[in-house]
Every structure is written in C-alpha cells, then in structure tokens.
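The structure under discussion appears below in the form of structure tokens.
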Amino acid sequence: MKILVIEDEPKVAAFIKEGLELQNFNVTIAYDGFFGKKLALENFYDVLILDLLIPYVNGLDLCKQLRLEGYKAPILILSALSSVDDKVMGLDSGADDYMVKPFDFRELIARIKALCNRYTNNLKDHKILNMADLELDIYKKTVKRNGKMIDLTFKEFLLLEYLLKNKNRVVSRAEINEKVWEEKYDSGTNIIDVYINFLRRKVDKGYKNKLIYTMVGMGYMMRDPE
C-alpha cells in the first residue's frame, strides 16, 4: 500500500514514515503543499495523509484543488487544529477523515485501513479496459502492455482511460480538453499534443502494432490493430 504524507515538520514526518513502514506501507514524504500536489497528481497512492498548516498551499486549499482536479484517493487530515469548526472545514474541503495530533498510532493504522476498505467497497467503476495487448485497470490505476507494467502520471492515465473508453472513435482536441482537463479548449496551446506524445512513447514505442493514431484535422483515436 502506497501512502503520501504531506507534513512540513521533519520530525513529525519522520515519525509517521517510520511507524507506517514498520507496518509494511510504502511511504513518500512532501514538506509543502506545492510539491505535495505535484506528487499526488503525478503518482498513485492508496491514501494521502495531509497536515493543514503547510507552506505554499495550505491543507484546506490543497484538498479542494485535488478534488476539483478529479483526485479520487482517500484523504486523511492529520492536524493539531482540534476545534469542531476545524474538523468541519476539513471534511467540507473534500477530506474523508480527520485526526487530531497528538494521536495514537494504532488508531491511525486502523483509520487508514478503514478508508481503503471503504474506498474499495464504494467503488462502482471498477473495471478493466482492453485493447489488443494493452490493459488498463480503472480501480488499481495500473496499465500493462503485453504483461509489462507502464508507469503513467495522473493526467496521462486519465487521457489514456478516456481514449480507451472511446476506442475506434475519433475524439477531438476540444472534447479531450473538456472531458480530461475540464476546461474550455484553447486552440493556442499544444498541451494535448504534448501529452499524446508522452503516451505514445510509453504505450506504443517498441511495439510493432501501434494503438494511438492522429487523425489529421480531426483529433486522435485509439484503434485496434489490423
């Protein structure tokens, strides 16, 4: 199980990391909201543990931003702020649970496991998308081609998922921008083309059968190889 801890106090972060690793969790630490957001969106974690009083982007704003960008993993706020208002604001920002420092480590472990179980049980969209020898698992957030794992960032995964859900159909840049980036299309930017090239290097490079095609003047399509 992979856990991201966003905590600006090095001693507290080290304490949490050590305790979780003793329970065989794989732990990554970020010391500020800016870097924490970058890690969260570019990697996959089973749980995000978040302090509120962190530099650059505070915990409440970070939680809201992640949810707005489609971040689905459970978020557990771990903060010294203990009033009812603090807890309500934390949960309203999109967090799934709230714990107050100081805390009992056994309770932290129990809450992490409960969040993961709840997330798994409530997930209605668990299915596997396939094309040729490519396999994308929506729940596990994994991608394989010919049995080999492919490492994707958060946005690359969302883009590939959307293309696979619309396989054998041309999707325009405007449609991708609206559905994946959730923004109005700006014809002056080439961000979609850049990410398509990222995907091609990871999904198609080294394979005889190509799956991602450019439809000139129209957009992109994932197509079954002939």
Here the residues within the range 30-42 that are small (Gly, Ala, Ser) and without any contact (Cβ under 8 Å) to a residue 40 or more places away in the chain are Ala30, Gly33, Gly36
Report yes if Tyr45 is modelled with pLDDT under 95 and of a type in the set (Ser, Thr, Tyr), otherwise no.
yes
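Quick check on Leu53: is it within 17 Å of the chain's Cα centre (by Cα) and farther than 18 Å from Asp104 by Cα? Full working, then the answer.
Details: within 17 Å of the chain's Cα centre (by Cα): no; farther than 18 Å from Asp104 by Cα: yes.
When the stated conditions are applied, Leu53 does not pass them.
Could you please find all residues in the range 177-197 being at pLDDT below 70 and surrounded by 12 or more Cβ atoms within 10 Å (Cβ to Cβ)?
Here is the first cut: in the range 177-197, the ones at pLDDT below 70 are 182-188.
Those that are at pLDDT below 70 and surrounded by 12 or more Cβ atoms within 10 Å (Cβ to Cβ): Tyr185, Asp186.
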Looking at Lys167 and the list (1) open to solvent by less than 80 Å² (accessible area, probe 1.4 Å); (2) outside any helix (DSSP H, G or I); (3) not aliphatic (A, V, I, L, M), which single condition is not satisfied?
(1)
Taking Asp32 as meeting all but one of (1) among the charged types (D, E, K, R); (2) open to solvent by 80 Å² or more (accessible area, probe 1.4 Å); (3) farther than 22 Å from Ala114 by Cβ, write down the number of the exception.
(2)
Considering the range 44-94, residues that are of a type in the set (Lys, Arg) and within 20 Å of Phe157 (Cβ to Cβ), and then whichever is most open to solvent (accessible area, probe 1.4 Å), we arrive at Lys72
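Just to check your reading of the model, which residue among Val57, Val47 is among the aliphatic types (A, V, I, L, M) and within 26 Å of Ile150 (Cβ to Cβ)?
On the way: Val57 fails: within 26 Å of Ile150 (Cβ to Cβ).
None of the others qualify; the one that does is Val47.
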Single condition Glu161 does not satisfy, out of (1) exposed (fewer than 13 other Cβ atoms within 10 Å of the Cβ); (2) closer than 17 Å to Tyr71 by Cα; (3) touching a residue at least 12 places away in the same chain (Cβ under 8 Å):
(1)
Select from the range 1-21 the residues that are open to solvent by less than 10 Å² (accessible area, probe 1.4 Å) and over 20 Å from the mean Cα position of the chain (by Cα) and write down the one among them that is nearest to Ala110 (Cα to Cα).
Leu20
Conditions (1) under 30 Å from Lys208 (Cα atoms); (2) of a type outside the set (D, E, K, R); (3) out of contact with any Leu (no Cβ under 9 Å at 6 or more places or on another chain) -> Tyr139 fails only (3)
May I ask you to list pairs of residues, at least six apart or on different chains, whose Cβ atoms are under 7 Å apart, with the first in the range 43-69 being charged (D, E, K, R) and the second being part of a loop (DSSP other than H, G, I, E, B) and surrounded by 15 or more Cβ atoms within 10 Å (Cβ to Cβ)?
Asp46/Ala73; Asp51/Glu7; Asp51/Asp8; Lys64/Ser93; Lys64/Gly94; Arg67/Gly94
Residue under question is Arg106, and the condition is that it be exposed (fewer than 13 other Cβ atoms within 10 Å of the Cβ), at pLDDT 90 or above and under 30 Å from Leu53 (Cα atoms); does it hold?
yes
Checking Thr142 against (1) modelled with pLDDT of 90 or more; (2) within 22 Å of the chain's Cα centre (by Cα), the condition it does not meet:
(1)
Restricting attention to the range 114-128, which residues are in contact with a strand residue (DSSP E or B) (Cβ under 9 Å, 6 or more places away or on another chain) and either over 21 Å from Leu158 (Cβ atoms) or modelled with pLDDT of 90 or more (or both)?
Ala114, Leu115, Cys116
Pair list, Cβ < 6 Å and 6+ apart or interchain, from the range 210-226 residues that are open to solvent by 60 Å² or more (accessible area, probe 1.4 Å) to residues that are aliphatic (A, V, I, L, M):
Tyr213/Met221; Met218/Val170
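The values are calculated or read from the model by the stated rules, or taken from the named source; none is laboratory data. Since this is a predicted model, take the numbers as computed values, not measurements. Glycine gets a Cβ as well: all are built from the backbone with ideal geometry, and neighbour counts include every protein chain shown. Side chains included, ligands, DNA and RNA excluded: accessible areas come from the protein's heavy atoms. Shrake-Rupley method; radii C 1.70, N 1.55, O 1.52, S 1.80 Å.
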